[in-house]
Amino acid sequence: AQSVAQPEDQVNVAEGNPLTVKCTYSVSGNPYLFWYVQYPNRGLQFLLKYITGDNLVKGSYGFEAEFNKSQTSFHLKKPSALVSDSALYFCAVIKTGANNLFFGTGTRLTVIP
Amino acid sequence: DTAVSQTPKYLVTQMGNDKSIKCEQNLGHDTMYWYKQDSKKFLKIMFSYNNKELIINETVPNRFSPKSPDKAHLNLHINSLELGDSAVYFCASSLGRGRYTEAFFGQGTRLTVV
């Protein structure tokens, strides 16, 4: 089955420290990978995507993600966390031949002041 | 200008009732979706329409019926509501089939069945 996995339900990080939210994928063919963020009582906001090209993808709000084919990972990173980054983060993949997003289970990020 | 808008934002209703959620996008996208987010925050695709044509219909009870009057609108009608239907329903849109682009989401409709 084609999917993404987010192994951590919760990630806590101190403000100003680097943050990483993990995602691994399992797809046949080329992976089309995405990160979304959901703030409380809000919809999902697109952060960044990897379709092809450079393995390091830069996105909104200072976030970036590194596509690693050998480790089948697409971890979300930010050099210096802000309290306002606290939210629910979803990794997603588009299945080959389809166009809808298939989401991971989400990781709640808490940035501690 | 809201790109994907859905109404209502909150919906509280009794078991057995019929209700609809409306969705509109002004992005000129060809494809629209309905996703369901349960109490554990899991997100699951329910339906997908491309230019008013149904292209995805996941395992969803037939009490749920999407309707797309044009490619800018995708409504969700739910008959005979059950307690287990309580969830947040998100509408989304994207450029369309064969184009691996991001989807844009509405703010969600929190449905509570009592």
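The values are calculated or read from the model by the stated rules, or taken from the named source; none is laboratory data. Since this is a predicted model, take the numbers as computed values, not measurements. All Cβ positions, even for glycine, are placed from backbone atoms using ideal geometry, and neighbour counts span all protein chains on display. Side chains included, ligands, DNA and RNA excluded: accessible areas come from the protein's heavy atoms. Shrake-Rupley method; radii C 1.70, N 1.55, O 1.52, S 1.80 Å.
When B:N75, B:N50 are checked against the criterion of being within 17 Å of B:E24 (Cα to Cα), at pLDDT below 90 and surrounded by 17 or more Cβ atoms within 10 Å (Cβ to Cβ), B:N50 stands alone in meeting it. For region A:37-48, which residues satisfy the criterion of being within 9 Å of another protein chain (Cβ to nearest Cβ) and either out of contact with any Phe, Trp or Tyr (no Cβ under 8 Å at 6 or more places or on another chain) or part of a loop (DSSP other than H, G, I, E, B) (or both)? Within region A:37-48, A:N41, A:R42, A:G43 qualify. Counting residues that are among the β-branched types (V, I, T), which strands (runs of 3 or more DSSP E) fully inside region A:49-113 reach at least 2? Qualifying strands (runs of 3 or more DSSP E): A:87-94, A:107-112.
Determine whether A:L19 is in contact (Cβ under 8 Å) with a residue 12 or more places away in the chain and facing chain B (nearest Cβ under 10 Å). Considered against the rule, which asks whether it is in contact (Cβ under 8 Å) with a residue 12 or more places away in the chain and facing chain B (nearest Cβ under 10 Å), A:L19 comes out as no.
Out of all the residues in region A:52-64, is one or more at pLDDT 90 or above and within 22 Å of B:S39 (Cα to Cα)? No; the residues of region A:52-64 include none that is at pLDDT 90 or above and within 22 Å of B:S39 (Cα to Cα). Being within 14 Å of chain B (Cβ to nearest Cβ), closer than 27 Å to B:K9 by Cα, open to solvent by 20 Å² or more (accessible area, probe 1.4 Å) and part of a strand (DSSP E or B) is a description that does not apply to A:F34. Hey, can you tell me all the residues within region B:24-37 that are part of a strand (DSSP E or B) and open to solvent by 20 Å² or more (accessible area, probe 1.4 Å)? Of everything in region B:24-37, those that are part of a strand (DSSP E or B) and open to solvent by 20 Å² or more (accessible area, probe 1.4 Å) turn out to be B:E24, B:K36. All conditions in (1) open to solvent by less than 30 Å² (accessible area, probe 1.4 Å); (2) at pLDDT 95 or above hold for B:R110, with the sole exception of (1).
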